[in-house]
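Asker: Just dropping this structure here.
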Amino acid sequence: MIILEIEDLHKSYDSNVPVLCGINLSVHRGEFVGIIGLSGSGKSTLLRCINRLVEPSSGHIRLPMGLITANGAGTLVDVVRLKQTELRRLRRKVGMIFQQFNIIKRLSVIDNVLSGGLGYQSALRSTLRSFTRDEKRKALINLNRVGLLDHAYRRADELSGGEQQRVAIARTLMQEPALILADEPVSSLDPKLSGVVLDILKQVCQEDGITALVSLHTLELTREYAARVVGLKNGQICFDGASDELTGPVVEAIYHNDL
Ligand code: ADP
Ligand code: MG
């Protein structure tokens, strides 16, 4: 089953310099896709177009209607055409994980996780309301899944970077996402902690049938974690294949800056 279908996606920011130039990409449910490319190649822009944190300039981004309505099932709808209410519903099913963790430092770990149930745009609102027993139970279950149950009532900023990113994963799980967009989730972490975080991310995705698009900054991690890899160069896909096809010339083509 297709969970994401991108067709001829273009994006230019205000300066009108093309940043994405005709992206075509299909992703099946449950895939864990690594996105690689030089800094500035368009990885973040691509990920952010998918939930319209960035507005595409043209093209189509289709996701199953079932993510928006209870009875829509697998029929694909174009995200680019969604109205605000539908977009909000869709965003609840699309989790986002950022390089800088984006957790609220002065809140406890569990309050950070609970805020995920509200969608990632309303983290601050969570400080203004109380949560039900069921919500708390779910938050503790998700903290247990990322191995941080013991830290539930600590202040978030007492945790290490790797632990904070695991909090961010638990928070995203509160949304019960169908798709997770992770934008360089381990670029701020050393290789060992990167492995721990990616192990956990991959495991929860497998367990819950979540599809993941994950931009990664090293080839070692990409080869280890992503069965399928999409290479971006100057806003175009220059490689889309199995990570064991990432041989010397392919890597050279992706990372060689010939501008
Ligand atoms: P990557 O994540 O691969 O480093 P980005 O998607 O962040 O690439 O950036 C691609 C290009 O788009 C870069 O040239 C960057 O300067 C530009 N860009 C990114 N975000 C914005 C923005 N908000 N406004 C203008 N230009 C942007
Ligand atoms: Mg980026």
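Values in this text are rule-based calculations from the coordinates and carry no lab data. For clarity, every value in this text was computed on a predicted model and none was experimentally measured. Positions of Cβ are backbone-derived with ideal geometry, glycine not excepted, and every protein chain shown enters the neighbour counts.
Asker: Taking the 0 to 90 degree range and rounding to the nearest ten, how far is the long axis of helix 191-208 tilted relative to the main principal axis of the chain, both from C-alpha atoms?
Answerer: The two axes meet at around 80 degrees.
Asker: Continuing with the same structure: Work out, step by step, the length gained on full extension between D199 and R88: first 0.36 nm times the residue separation, then minus their alpha carbon distance; give nm to one decimal. Kindly include the intermediate steps, with their values, before the conclusion.
Answerer: On the way: separation 111, 0.36 × 111 = 39.96 nm, distance 2.94 nm.
Extra length available between D199 and R88 comes to 37.0 nm.
Asker: Distance between Cα centroids, the range 202-252 to the range 21-59: provide it in whole Å.
Answerer: What the calculation gives is 12 Å, centre to centre.
Asker: Using Cα atoms only, what is the angle between the long axis of helix 161-173 and the major principal axis of the chain, expressed in degrees (0 to 90) to the nearest 10?
Answerer: 90 degrees
Asker: I'd like the antiparallel share, as a percent to the nearest 5, of DSSP beta bridges with both residues in the chain.
Answerer: Close to 55 percent.
Asker: What is the calculated FRET efficiency for T132 to R155, with r their C-beta to C-beta distance and R₀ = 30 Å, to the nearest 0.05?
Answerer: Plugging the Cβ-Cβ distance into 1/(1 + (r/R0)^6) gives 0.85.
Asker: Specify the angular offset, from 0 to 90 degrees and rounded to the nearest 10, of the alpha carbon long axis of helix 133-145 from the longest principal axis of the alpha carbons in the chain.
Answerer: So the helix axis and the longest Cα principal axis differ by about 50 degrees.
Asker: Then there is this: Across 5 Å bins from the origin, how do the percents of Cα pairs in the range 100-176 run, short distances first?
Answerer: 3, 19, 34, 29, 13, 2
Asker: Which lysines have a Cα less than 28 Å from the Cα of K105, not counting those fewer than 8 places away in the same chain?
Answerer: K43, K93, K136, K138, K192, K202
Asker: What translational D, rounded to a whole number of µm²/s, comes out for the range 198-259 from Stokes-Einstein when the hydrodynamic radius is the Kirkwood one over Cα pairs, at 20 °C and 1.002 mPa s?
Answerer: So the translational diffusion coefficient is about 169 µm²/s.
Asker: At 222 nm, what helix-only mean residue ellipticity would the chain give, in deg cm²/dmol to the nearest 500, using -39500 (n - 2.57) for each DSSP H run of four or more?
Answerer: Rounded to the nearest 500, the figure is -9500 deg cm²/dmol.
Asker: Let me ask something additional. With +1 on each Lys and Arg Cβ and -1 on each Asp and Glu Cβ, and nothing else charged, work out how big the dipole of the chain is about its Cα centre, in Debye to the nearest 20. Write down the numbers at each step before the final one.
Answerer: Details: 31 positive and 29 negative charges, 269 e Å.
Magnitude of the dipole: close to 1300 debye.
Asker: What relative contact order, as a whole-number percentage, does the chain give when Cα pairs under 8 Å and 6 or more residues apart are counted?
Answerer: Relative contact order, the chain: 25 percent.
Asker: Something else now. Just to be sure I understand: with springs between alpha-carbon atoms less than 10 Å apart, which residue in A152, A226, A170 has the highest mean-square fluctuation in the Gaussian network model of the chain?
Answerer: In the Gaussian network model the winner is A152.
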